[in-house]
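Engineer: The structure under discussion is supplied below as structure tokens; questions concerning it will follow.
The values are calculated or read from the model by the stated rules, or taken from the named source; none is laboratory data. Remember, predicted model here, so these are calculated numbers, not experimental data. No Cβ is skipped: glycine too gets one built from the backbone with ideal geometry, and neighbour counts run over all protein chains shown. What goes into the accessible areas is simple: the full protein's heavy atoms, side chains included, and nothing from ligands, DNA or RNA. Shrake-Rupley method; radii C 1.70, N 1.55, O 1.52, S 1.80 Å.
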Amino acid sequence: MSRIRRSSGRAYAFGSAVAFVTMAVAAPTAPAQKPASHATRSEITIPFEHYQLANGLNVILSPDHAVPTVAVDMWYHVGSKNEVPGRTGFAHLFEHVMFTGSGHVPYGLHDKLTEGVGGFNNGSTTNDRTNYWEIVPSNYLESAVWLEADRMGFLLDALDTTKLNAQRDIVKNERRQGMDNQPYGRAEEILSHATYPASHPYSWDVIGSMEDLSAASEEDVKNFFRLYYAPNNAFLSVVGDFDSAPAKTWIAKYFGGIPRGKPIARPSVAPVTLPAEQRLVYEDRVQIPRLYIQWPTIGQRGDDRFALDVLGPILSGARTARLTKALVYDEQAAASVSARQGSNEDVGEFLLVITPRPGHSLTDLEQAADAIIGRFKNDGPTAEEMQKATAGQELAFITGLQSNLGKASQLANGAGFFGNPGYYRTYYDRSHAVTAAEVKRAANTYLTRGRVVLSIVPMGHLDQASKPADSKKVTQ
């Protein structure tokens, strides 16, 4: 559920901080490249060092001299889950505000010291965490560390009502573009509202509501930053072509003086089960109806998430996957089918999406999908299905480790969510240990009648919903 929410087309501005940065960008040139080590299939290793500054900042260093670049991932344990009803969208709003300049970094200088030297920078926000990252040539590592430290320690020095309102308007327009005026764009928000109670921290969308974004005062937003964007709630992951000794010096120099924040009370997140099926229909400006079925499942800390991860590709994706083969190829009743497990930190959802071909109704497709899933729950997966699904999982995992940023993200996620940067090894091993019996049990445990069935239909065509007489119209 991670979403890139950064706007493009930002203007550059240069100012007095350039002289301050000159020292930072004059770091030693990149050391000579060394041969990269190659792990075997059964031994995937990312060497790292993990330590903590006195102010609580967790630091993960992983030198890898294969290519002359370095990735810096600044990971904050805050997302939309940490907001409250009536004050949603703050975490995502800061994803934008963080790129507008800080106390010693005028607007545009961040880009000059990353994209301007052949690198990249961006950020993303989910329900559970926010991250900001840079990929820069190796001799610009000190600049990247300084940039992240400056916006952690001095962002509010440069944040005023005018700047906040400008970013608030950008976020509102992003919501219009990506959700309200996007075909099928409100599906995820509607499903979340239906799956979780209104006070549940996963019931609102990461981007927040228009009303909440409008109502947020400058002090509301600043207080949110002071609590969550502090060293004791952050993880700095550095991976690539660098030497640890100077990196530690720079990190201590720029982050060490930032004071520890207040203790954070994490929201209490209860698991969700739905006692009965909820049926909804939403009219949208679309040409073709679409069916969404969502079941509440388990979050990242539950072992069942590994079996559910395997269940998704068994049901959809490849030409021979059960739902894809039957509905798309054999019967040619569906144009597309997708099924996947989405695991947040505390909760999860298994989502099935079906788009029909002309002449085929959502009602018939739902019944056909239910029949196929019912047979799977009785029989379980075959050995061939398990082999294909787990091989696909392995490919996706290893592909994600090919870049310095991919490794930095894995290390930061492990440290932030599990208290262990090396959690990637547990994830990899546990993914490969999934059995057919576990997948069958997970399907029977979670794919029950306690689910949300949402039909998105063209305007004025409520009759195209799956079982329209039983479906409640969504009006907001």
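Engineer: Could you look through the stretch 436-447, keep only residues that are open to solvent by less than 60 Å² (accessible area, probe 1.4 Å) and either out of contact with any strand residue (DSSP E or B) (no Cβ under 7 Å at 6 or more places or on another chain) or in a helix (DSSP H, G or I) (or both), and pick out the one that is nearest to Gln387 (Cα to Cα)?
Structural biologist: Among them, the one singled out is Ala436.
Engineer: Let me ask something else. Taking the stated definitions as given, is Leu291 open to solvent by 30 Å² or more (accessible area, probe 1.4 Å), outside any loop (DSSP other than H, G, I, E, B) and among the aliphatic types (A, V, I, L, M)?
Structural biologist: no
Engineer: Another question, then. If a residue has to be part of a helix (DSSP H, G or I) and open to solvent by 30 Å² or more (accessible area, probe 1.4 Å) to count, how many in the stretch 376-389 make the cut?
Structural biologist: Summing the residues that are part of a helix (DSSP H, G or I) and open to solvent by 30 Å² or more (accessible area, probe 1.4 Å) in the stretch 376-389 gives 8.
Engineer: Inside the stretch 179-214, can you point out the residues that are assigned to a helix (DSSP H, G or I) and of a type in the set (A, V, I, L, M, F, W, C)?
Structural biologist: Met179, Ala187, Ile190, Leu191, Ala194, Met210, Leu213
Engineer: Considering only the stretch 93-131, state which residues are surrounded by fewer than 24 Cβ atoms within 10 Å (Cβ to Cβ) and of a type in the set (Phe, Trp, Tyr).
Structural biologist: Passing the criteria: Phe99, Tyr107, Phe120.
Engineer: Kindly indicate whether any position in the stretch 307-321 is over 23 Å from Asn344 (Cβ atoms), crowded, with 20+ Cβ neighbours inside 10 Å and among the small types (Gly, Ala, Ser).
Structural biologist: Yes; the residues of the stretch 307-321 include at least one that is over 23 Å from Asn344 (Cβ atoms), crowded, with 20+ Cβ neighbours inside 10 Å and among the small types (Gly, Ala, Ser).
Engineer: Restricting to the stretch 55-111, what's the tally of residues that are within 16 Å of Thr126 (Cα to Cα) and within 18 Å of the chain's Cα centre (by Cα)?
Structural biologist: Total satisfying the criteria: 21.
Engineer: What number goes with the only condition from (1) over 21 Å from Glu394 (Cβ atoms); (2) part of a helix (DSSP H, G or I); (3) under 18 Å from the mean Cα position of the chain (by Cα) that Glu345 does not pass?
Structural biologist: (2)
Engineer: Among the residues of the stretch 286-299, is there at least one that is charged (D, E, K, R) and under 28 Å from Val457 (Cα atoms)?
Structural biologist: yes
Engineer: Which pairs turn up if I take residues in the stretch 349-364 that are among the hydroxyl-bearing types (Ser, Thr, Tyr) and look for partners that are at pLDDT 95 or above and surrounded by fewer than 18 Cβ atoms within 10 Å (Cβ to Cβ) with beta carbon separation below 8 Å, at least 6 apart in sequence or on another chain?
Structural biologist: Thr355/Ile288; Thr355/Ala335; Thr355/Ser336; Thr363/Lys467
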